[in-house]
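I have placed the structure first, in the form of structure tokens, so that the comments after it can refer back to it.
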């Protein structure tokens, strides 16, 4: 048991640690109190309820995103940097990141990454509707990549055994059979960069409303 005074930061840190070990479903005020070795009622002096605690976790994780954004850089380079920054924190806190994208945050920490991404897209000439759509597209791609990387979604994820069952009719699935070695392995970073670049290049030729392609 530590002699460090109980604080909101300590409570949130304990929740982050627990989520990364066991998932968000393991979080309860009673469990966090046990993790910290304090009485459960003492938590309420710093965090009013579980929902506020989970918001605190999401905000804490987002606040650690390190943006190296250059306002003078080309918008495509800025988008790449922002996507990589989000992936880096998501890779460090994979289970907490799932919590981040499932909650509506209204704090400065929660809104800052969104503000920066939208500002970048608006400066590139996209209107508000397209900027929001593009932001959601990137979030979906990053989260999907993360789920595959941490093994939550097994479809087409790398395997440790043969991906082609000997009982499968090779004549019916010639492509799966031929590309089995590629389906079995995965360079997550390379595939992430491939996906980001594919999205950036597709977005670059998206016509601006009332204008011409960028």
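Every number here is computed from the coordinates shown, using simple stated rules; none is lab data. Given the structure is predicted, the values throughout are model-derived calculations rather than measurements. FYI the Cβ positions are ideal-geometry reconstructions off the backbone, even for glycines, and counts take in every protein chain you see.
Values computed for the structure shown
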item	result
Ranked list, fewest to most other Cβ atoms within 10 Å of each Cβ, for 31, 21	21, 31
Normalised per residue, the volume of the convex hull around the Cα set of the stretch 8-48 (Å³)	56 Å³
Nearest-ten-degree value, helix 50-63 long axis tilted from longest Cα axis of the chain	60 degrees
Relative exposure of 57, 132, 196, judged by other C-beta atoms within 10 Å (fewest first)	132, 196, 57
Span from the the stretch 24-46 Cα centroid across to the the stretch 106-120 one, whole angstrom	30 Å
Nearest 10 degrees, 0 to 90: helix 75-92 Cα axis against the chain principal axis	50 degrees
(1) 17.1; (2) 19.1; (3) 20.0, with the label sought being that of the calculated Kirkwood radius over Cα pairs in Å	(3)
Rounded tilt (10° steps) of 188-204 against the dominant C-alpha axis of the chain	70 degrees
Taking 93, 44 and counting other C-beta atoms within 10 Å, the order from fewest to most	44, 93
